[in-house]
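Below is one structure; the comments refer to it alone.
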Amino acid sequence: MTLGRFPRTHLLTAVGLTAFLTTLALLLPDTDAPQDDDIALLLAPETTQPAAAGDTLADAAPGAVAVPASEGTIEHETAHTAETVAATRPEPAADIRTTAVRPGDSLSAIFKREGLSAQDLHLLMTTDPLAKRLRSIFPGQQLKLTVGADTTLDRFEYAADALQTLVFVRDGDRYVGEEVNREPERIQSFKHGLIENSLFLASQRAGLNDAMTMRLAQIFQWDIDFVLDIRRGDEFSVLFEELYVDGEFIGYGNILAAEFVNRGRSYQAVRYSGAHGDTHYYSPDGRPMRQAFLRAPVEFSRISSNFNMNRRHPLFNRNMPHRGIDYAAPTGTPILAAGDGRVATASRTEANGNYVILQHGQTVTTKYLHLSRFAQGLKQGARVRQGQVIGYVGATGWASGPHLHYEFLVNGVHQNPRTVKLPQAEPIPRSEIAKFKAHAAPLLAALNDQRQQQQIALAR
């Protein structure tokens, strides 16, 4: 329909009404009038997209009241989000390496091989007193290294053995060390041996290693001379501990009780710790196995010349008194102090070679001749303990071969070291004897029961 067909009066009325409404719109406030953006928002479909940075709350939530956001509010919300992301972001996985010490290795070589800095090695070795024990590492020992993303050594673990580990943790510009000890599981075990040729061969057949055999002999060394007294048919029984960590055998623990039958005579010993914490072996009646002096100051050697006042000297081919015992042994074999005492002399002469004289109290003196060298730190006036290494077998002076010449003097008079009556150590105090017997009874019973079962089994 065209405008020309409307009556003139109708057109005039429409024009006047339009002018009136326009004037009214200009005079009224425009706060209630919908804005272009609001109209666009109301007409737009709902969306699941997140609001862009800088959008108002009205932009982000359709139908909500529009509240302009200040710049400070935007920065606060952005920072909070960054903190949340940082807190939830996983830390980079630590590089944990395990390596074994190789023959000829040093820590410096290991650090270089692992790509670790010399500065970290310096800090490790200088900032904790425990680190001085890292100076002696041995092939086969295990190291565990925890290395950070920047190749910084964060943690260093050194397993000295199956029971002891040194742990060093980085703390700024230093390392803090700690010694971690594991307690092994102790399993009581028993072995019995019959001597046909030697103690060592009998022990090996019974399943004991040489170190355990030495420990067994040391218990009875004051009553039995293992060089001369051992005979075919002698036997031993030993009740001891086997040590396990995580189900794996790692070695032997203490000998709890033992018996040695030598030439038909039985000797029994029980391990016991006294009230003052000192641990020794005692006979079933509380007599100490340990005596004031050892029968022989060289373990498992061979006597090449006995005590003999009419011996013909091998070098000079004439009768010369032999006032001691010669123990033939390889050069370098350790020589032990026969008893507690003081070094009266550590010197050298043409005849004696390198020799040591020990004074034991007021009455007993022991002499050790023809040493290849003295023990480190041994000098006149030094105190020594029974069993302490004082030197090493050699052939210095008038000697036809490597051996130890050993003399035992009482009030200045030479005695035969094999037959002289040796003073004993102190027995268990009367106040402790009941406690000792209560401790010893089950161990001796177990030792006897196991030996009887072994004998029955062998007789079948």
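Points worth noting:
- Taking the stretch 359-382 as the range and being more than 20 Å from H414 (Cα to Cα) and outside any strand (DSSP E or B) as the test, the residues that pass are A375, Q376, G377, L378, K379, Q380, G381, A382.
- For the stretch 152-164, filtered to residues that are farther than 16 Å from L107 by Cβ and out of contact with any Ser or Thr (no Cβ under 7 Å at 6 or more places or on another chain), the residue that is surrounded by the most Cβ atoms within 10 Å (Cβ to Cβ) is A162.
- Meets criteria (part of a helix (DSSP H, G or I), modelled with pLDDT under 90 and buried (at least 17 other Cβ atoms within 10 Å of the Cβ)) for Q450: no
- Considering only residues in the stretch 393-422 that are closer than 25 Å to E350 by Cβ and of a type in the set (S, T, N, Q), the one that is surrounded by the fewest Cβ atoms within 10 Å (Cβ to Cβ) turns out to be S400.
- Leading residue by the ranking (surrounded by the fewest Cβ atoms within 10 Å (Cβ to Cβ)) among those in the stretch 178-234 that are touching a residue at least 24 places away in the same chain (Cβ under 8 Å) and of a type in the set (V, I, T): I187
- Here the condition is being in contact with a strand residue (DSSP E or B) (Cβ under 7 Å, 6 or more places away or on another chain), surrounded by fewer than 18 Cβ atoms within 10 Å (Cβ to Cβ) and free of Cβ contacts under 8 Å to residues at least 60 places away in the same chain; of G115, G148, G104, it holds for G148 alone.
- Residue among R271, R231 that is at pLDDT 85 or above and assigned to a strand (DSSP E or B): R271
- Y272 farther than 18 Å from A434 by Cβ and in contact (Cβ under 8 Å) with a residue 24 or more places away in the chain: no
- So D120, is it part of a strand (DSSP E or B) and in contact (Cβ under 8 Å) with a residue 24 or more places away in the chain: no
- Residue within the stretch 276-287 that is in contact with a Leu (Cβ under 8 Å, 6 or more places away or on another chain) and either on the phi > 0 side of the Ramachandran plot or in a strand (DSSP E or B) (or both) present: no
- Selection within the stretch 395-442: residues that are of a type in the set (D, E, K, R) and in a loop (DSSP other than H, G, I, E, B). The member of this set that is modelled with the lowest pLDDT is E426.
The values are calculated or read from the model by the stated rules, or taken from the named source; none is laboratory data. All values reported here derive from a predicted model rather than from experimental measurement. Don't worry about glycine lacking a Cβ; one is built from the backbone with ideal geometry, like all the others, and counts go over all protein chains shown.
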